Amino acid sequence: MKKQIFCVLWVILLISWVGSVTTFAADEIVLGIPTSIYTPFGKENIKAVQLAVEEINSKGGVKVGDKAYKLKVQIADTRGGEPTTPVHDALMAYEKLITEHKPHAIVVGAFRSEVLIAAMDIVAKYKIPHLGTIAQTPKFQAQFQTDPQKYKYLFRVTTDAAIDAMYANAMLDKLKKDFNLNKAYFIYQDTLWAKAFAGLMSKHVKETGWEELGFDGYAAGATDFSPALQKIKEQKAQVIGMVWDVPLGAGIFTKQYASMKVPALLFAGLVPPIGAPQAPKTIGPAVEYSLNLEFPVGSSLPLKKLPKTVEFLENFKKKFGDLPEAPAVNSSAYDSVYILKEAIEKANSLNADDIVAALEKTDYKGVSGRIRFDKNHTAIFGLENPNETGVCVVFQWQKDEKGNLVRVPVFPEFLAEGKVILPPWMK
Amino acid sequence: MSLLIYGLIQSVTLALYAVGFSLVYGVSGIANFSHGAIYILSGYLIWAGLNLFNLPYALSFVIAIFLTSLLGFSLYWLLLYRVRGIPLAELVVTFASGVAILELMTWAGFSGIRYSLPPVVFGSLEFLGISLDYQRLMVLGTGIFLVVGLYLFVHHTKIGLAFRAMAQSERTALSIGIESDWVGSLSMALGSAVSAVSAVAILPLGIMEPTIGYEVLIYALAVAIVGGLESTPGMVAGGFVTGYGQLVTAKLFGPKWMIIVPLLIIILVLAIRPSGIFGKMKELEERV
């Protein structure tokens, strides 16, 4: 009997070992995605990558020399988007993906900025091209600068908090100029990227004649925002600048903002439940008038003036049944696969150093605009021209002629399809 | 004034998190660590009734209560029955069941913006210059309803009296013919039903995530430890101490410190008075 039990255990062990060691076919390029797969960002970024992979594979794959390689995706859940997950656990998932599946490149990458910064050393150790598209902290560039040779495998294909803030600040300038608004209150999630983003907005308003009535950080797991919302009412703030990506807190904030009838214009630097296409159903009519920054363009809002955003999102909807939930970074995930394909084909090699050299010369016109990398391997974004840089957009929930709530791009001017409307209680 | 009103709502919310947990522990001595998972599961069941089967809110709610009660009842007979009387094993079993439920929900993709319950009651009122939505008033009403309802139940019904007998002395209850496993399983069913009632009052205030289950468990523990694990008045007191503690902390030190208040309270109470404010269980040992 003991012998039989031993044999069974041995077979189970053997099966587990064989299962854990992935071999990839010789004609496959493996893309690793270590991210927080159950957050809206992780979930939708994975779909965007899958869409790009399917398109590329259906057109013959990636050509290296005479050979055409099919792309294959391997996913690992870091759970980095959950407030209770320690950075160390997320890193273990990162390293496990790399050692088990031996990806040729990593796309999407860390959800939480803290995880990205910590994972930079792991990526450098295993020398794998890494095209990050979610985490937004500007500390990426600072860390990169400490040893550019070591960190050369890491690229950021999306915006960072400084770019997000650049757009948000320009929008605040517009609100001040057009409507003479000058009292702002900021609420942010106490994490690296959100603090950096809100901090840049705070600095800007202080320098440009606004009165800053509050700058409140809440822990990522917060479930009650009434202290800040009550202060906003009492102090008669005109604009609430809110930066929050963890869905739970964002959802609670949004509903609490609506139920407390806070008479201020909500400007969501990022509050996914308000910016999402599904917001009128999830949150209700209270989303009307809220302004939302979508970074970069094409993440969830089709823009008439940028046909590639329409095409990408139509294909996304066709394949997955609905537009992406999260109003950010999905187009970057899609573009990153094409950027990688182009780099591999230019390098004509699957060697990581060759791919990195080709990535550094990237000049790709994608959904999110024209993508080139600066000396910190960060995609260049600007405020003026999608033919020169990547771009973002600010939209406002407004009612159309039929009374349906729709998202109207209002800034920058070259993307605008309508004008900002102040809520009746502010006129 | 707003601090008072919103503090009251926050306190009742926290007490509602704890009421099911406290009930089960008070009656059967089982620390039901799957409490948070059952709470959020009931929210998803209501969501499914509304969105997948297009049922009316009330019917979805009744079905969710029935299913969560059945789950609590089944958990007892399928898992807890075998380890009954071994507190550590009971704790491991309930915790593992809770984790399994939450991880299954996560794995099945029940996270994201679309999982949100609409308010049961729409609209709001202005009260002394404070806007208060009806859903938050419903939280208050639910808190009062559950506390009064549970009081009447355990004092004026046969099963409730059996619950009390069990809570006072399991052996004596057995000697007068009260079957302890039957009462234990009923307490698990009732505790789960109470969680579902709390969920329908609280969850429409935000969106749903499986991780809420962990959070609810931590809050329930904090509130129950402060008030006394088995005490209903203690649970209300625990809710108030934690709720107002959070708001005062936000006011004095900034909102980002709110989240550590329940954890600090747990440490403080365990260090100073392990039985909690109204708890009796360890009182004798404390005196010794």
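Regarding segment B:130-138, can at least one residue be identified that is in a helix (DSSP H, G or I), within 14 Å of chain A (Cβ to nearest Cβ) and among the hydroxyl-bearing types (Ser, Thr, Tyr)? Show your work before the answer.
First, the residues of segment B:130-138 that are in a helix (DSSP H, G or I): B:134-138.
Subset that is within 14 Å of chain A (Cβ to nearest Cβ): B:134-138.
So of that shortlist, the ones also among the hydroxyl-bearing types (Ser, Thr, Tyr) come out as B:134.
Among the residues of segment B:130-138, at least one is in a helix (DSSP H, G or I), within 14 Å of chain A (Cβ to nearest Cβ) and among the hydroxyl-bearing types (Ser, Thr, Tyr), which makes the answer yes.
I'd like to know if segment A:87-97 contains one or more residues that are without any contact (Cβ under 8 Å) to a residue 60 or more places away in the chain and under 17 Å from the mean Cα position of the chain (by Cα). Break it down stepwise before answering.
First, the residues of segment A:87-97 that are without any contact (Cβ under 8 Å) to a residue 60 or more places away in the chain: A:87-93, A:95-96.
Right, trim to under 17 Å from the mean Cα position of the chain (by Cα) and you get none.
No; the residues of segment A:87-97 include none that is without any contact (Cβ under 8 Å) to a residue 60 or more places away in the chain and under 17 Å from the mean Cα position of the chain (by Cα).
Collect the residues in segment A:379-427 that are open to solvent by 10 Å² or more (accessible area, probe 1.4 Å) and among the polar types (S, T, N, Q), keeping them in residue-number order.
A:ASN385, A:ASN387, A:THR389, A:GLN398, A:ASN404
Yes/no matrix, rows are residues, columns are (1) within 24 Å of A:LEU415 (Cα to Cα); (2) in a loop (DSSP other than H, G, I, E, B); (3) within 16 Å of the chain's Cα centre (by Cα):
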{"site": "A:ASN169", "(1), (2), (3)": "yes, no, no"}
{"site": "A:LYS174", "(1), (2), (3)": "yes, no, no"}
{"site": "A:LYS177", "(1), (2), (3)": "yes, no, no"}
{"site": "A:TRP193", "(1), (2), (3)": "no, no, yes"}
{"site": "A:PHE215", "(1), (2), (3)": "no, no, no"}
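Given the structure, is A:GLN74 surrounded by fewer than 24 Cβ atoms within 10 Å (Cβ to Cβ), away from every other protein chain (no Cβ under 14 Å), at pLDDT 95 or above and in contact with a Gly (Cβ under 7 Å, 6 or more places away or on another chain)?
On the way: surrounded by fewer than 24 Cβ atoms within 10 Å (Cβ to Cβ): yes; away from every other protein chain (no Cβ under 14 Å): yes; at pLDDT 95 or above: yes; in contact with a Gly (Cβ under 7 Å, 6 or more places away or on another chain): yes.
Yes.
Taking A:SER336 and the conditions (1) under 26 Å from A:ASP147 (Cα atoms); (2) in contact with a Lys or Arg (Cβ under 8 Å, 6 or more places away or on another chain); (3) surrounded by 15 or more Cβ atoms within 10 Å (Cβ to Cβ), which numbered condition does it fall short on, given that it satisfies the others?
Among (1) under 26 Å from A:ASP147 (Cα atoms); (2) in contact with a Lys or Arg (Cβ under 8 Å, 6 or more places away or on another chain); (3) surrounded by 15 or more Cβ atoms within 10 Å (Cβ to Cβ), A:SER336 violates only (2).
Looking at (1) at pLDDT 95 or above; (2) more than 21 Å from the chain's Cα centre (by Cα), which is the only condition A:PHE381 fails?
Condition not satisfied by A:PHE381: (2).
Which residue out of A:ASP374, A:ASP353 is free of Cβ contacts under 8 Å to residues at least 40 places away in the same chain and open to solvent by 50 Å² or more (accessible area, probe 1.4 Å)?
On inspection, the qualifying residue turns out to be A:ASP374.
Step by step: first the residues of segment B:205-232, then only those that are among the polar types (S, T, N, Q) and open to solvent by 20 Å² or more (accessible area, probe 1.4 Å), then the one that is farthest from the other protein chains (Cβ to nearest Cβ). Which residue is that? I'd like the intermediate steps shown before the answer.
Residues of segment B:205-232 that are among the polar types (S, T, N, Q), as a first pass: B:211, B:231-232.
Filter again for open to solvent by 20 Å² or more (accessible area, probe 1.4 Å), leaving B:211, B:232.
On the way: B:THR211: 5, B:THR232: 23 Å.
Per the stated criteria, the residue is B:THR232.
Against the condition assigned to a helix (DSSP H, G or I) and either more than 22 Å from the chain's Cα centre (by Cα) or farther than 30 Å from A:LEU116 by Cα (or both), how does A:LYS203 come out, does it pass? It would help to see each step written out before you state the result.
Numbers: assigned to a helix (DSSP H, G or I): yes; either more than 22 Å from the chain's Cα centre (by Cα) or farther than 30 Å from A:LEU116 by Cα (or both): yes.
Yes: the conditions hold for A:LYS203.
Within segment A:178-194, how many residues turn out to be without any contact (Cβ under 8 Å) to a residue 40 or more places away in the chain and either within 10 Å of chain B (Cβ to nearest Cβ) or of a type in the set (Gly, Ala, Ser) (or both)? Quick ask: steps written out before the conclusion?
Step one: of segment A:178-194, the residues without any contact (Cβ under 8 Å) to a residue 40 or more places away in the chain are A:180, A:190.
Keeping just the survivors that are either within 10 Å of chain B (Cβ to nearest Cβ) or of a type in the set (Gly, Ala, Ser) (or both) gives A:190.
Qualifying residue count for the region: 1.
Mind listing just one residue for me: the one in segment A:255-288 that is touching a residue at least 60 places away in the same chain (Cβ under 8 Å), closer than 28 Å to B:LEU50 by Cα and in a loop (DSSP other than H, G, I, E, B) and, of those, nearest to the other protein chains (Cβ to nearest Cβ)?
A:ALA276
Being more than 8 Å from chain A (Cβ to nearest Cβ) and free of Cβ contacts under 8 Å to residues at least 60 places away in the same chain narrows it down to one residue among B:VAL99, B:VAL154, B:VAL120; which is it? I'd like the intermediate steps shown before the answer.
Working: B:VAL99 fails: free of Cβ contacts under 8 Å to residues at least 60 places away in the same chain; B:VAL120 fails: free of Cβ contacts under 8 Å to residues at least 60 places away in the same chain.
That would be B:VAL154, the only listed residue that is more than 8 Å from chain A (Cβ to nearest Cβ) and free of Cβ contacts under 8 Å to residues at least 60 places away in the same chain.
Could you please give the count of residues in segment A:200-225 that are more than 14 Å from chain B (Cβ to nearest Cβ) and either without any contact (Cβ under 8 Å) to a residue 60 or more places away in the chain or open to solvent by 10 Å² or more (accessible area, probe 1.4 Å) (or both)? Quick ask: steps written out before the conclusion?
Let us first name the residues in segment A:200-225 that are more than 14 Å from chain B (Cβ to nearest Cβ), namely A:200-213.
Subsequent filtering for residues that are either without any contact (Cβ under 8 Å) to a residue 60 or more places away in the chain or open to solvent by 10 Å² or more (accessible area, probe 1.4 Å) (or both) retains A:200, A:202-213.
Number of matching residues: 13.
Out of all the residues in segment A:125-176, which are of a type in the set (A, V, I, L, M, F, W, C), more than 22 Å from A:GLN189 (Cα to Cα) and crowded, with 24+ Cβ neighbours inside 10 Å? Give the derivation first.
So in segment A:125-176, the residues of a type in the set (A, V, I, L, M, F, W, C) come out as A:128, A:131, A:134-135, A:140, A:142, A:144, A:154-155, A:157, A:161-163, A:165-166, A:168, A:170-172, A:175.
Okay, now just the ones that are also more than 22 Å from A:GLN189 (Cα to Cα), so A:128, A:131, A:144, A:154-155, A:157, A:175.
Selection gives A:LEU131, A:LEU154, A:PHE155, A:VAL157.
Table: residues versus (1) touching a strand residue (DSSP E or B) at 6+ places or on another chain (Cβ under 9 Å); (2) of a type in the set (Ser, Thr, Tyr); (3) modelled with pLDDT of 95 or more.
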residue: B:ASN51; (1), (2), (3): no, no, no
residue: B:ILE63; (1), (2), (3): no, no, yes
residue: B:THR68; (1), (2), (3): no, yes, yes
residue: B:LEU71; (1), (2), (3): no, no, yes
residue: B:SER74; (1), (2), (3): no, yes, yes
residue: B:TYR81; (1), (2), (3): no, yes, no
residue: B:PRO87; (1), (2), (3): no, no, no
residue: B:GLU90; (1), (2), (3): no, no, no
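What pairs come out if I take residues in segment B:1-16 that are more than 8 Å from chain A (Cβ to nearest Cβ) and pair them with residues that are aromatic (Phe, Trp, Tyr) whose C-beta lies under 8 Å away, six or more apart or interchain?
Close Cβ pairs satisfying both conditions: B:ILE5/B:PHE127; B:GLY7/B:TYR244; B:SER11/B:PHE240; B:SER11/B:TYR244; B:LEU14/B:TYR219; B:ALA15/B:PHE240.
Just to verify a result, which residue in segment A:237-254, among those that are within 13 Å of chain B (Cβ to nearest Cβ) and assigned to a loop (DSSP other than H, G, I, E, B), is modelled with the lowest pLDDT?
Once the filter is applied, the top-ranked residue is A:VAL246.
Tell me the helices (runs of 4 or more DSSP H) entirely within segment A:296-361 that contain at least 3 residues that are on the phi > 0 side of the Ramachandran plot and out of contact with any strand residue (DSSP E or B) (no Cβ under 6 Å at 6 or more places or on another chain).
Because the criterion is at least 3 residues that are on the phi > 0 side of the Ramachandran plot and out of contact with any strand residue (DSSP E or B) (no Cβ under 6 Å at 6 or more places or on another chain), no helices (runs of 4 or more DSSP H) in segment A:296-361 meet it.
Just the residues that are among the hydrophobic types (A, V, I, L, M, F, W, C), within 14 Å of another protein chain (Cβ to nearest Cβ) and open to solvent by 10 Å² or more (accessible area, probe 1.4 Å), please, taken from segment A:289-331.
Of all residues in segment A:289-331, those among the hydrophobic types (A, V, I, L, M, F, W, C) come to A:291, A:293, A:295, A:297, A:301, A:303, A:306, A:310, A:312-313, A:316, A:320, A:323, A:326, A:328-329.
Adding the requirement that they be within 14 Å of another protein chain (Cβ to nearest Cβ) leaves A:320, A:323, A:326, A:328.
The answer is A:PHE320, A:LEU323.
Just checking, which of B:LEU125, B:LEU102 is open to solvent by 20 Å² or more (accessible area, probe 1.4 Å), among the aliphatic types (A, V, I, L, M) and at negative phi?
Details: B:LEU102 fails: open to solvent by 20 Å² or more (accessible area, probe 1.4 Å).
After ruling out the rest, the residue left standing is B:LEU125.
The values are calculated or read from the model by the stated rules, or taken from the named source; none is laboratory data. Computed from a predicted model, the values in this text were never measured in an experiment. Reconstructed Cβ throughout: ideal geometry from the backbone, glycine too, with neighbour counts over all protein chains shown. Note: accessible area is taken over every heavy atom of the protein model, side chains too, but ligands, DNA and RNA are not part of it. Shrake-Rupley method; radii C 1.70, N 1.55, O 1.52, S 1.80 Å.
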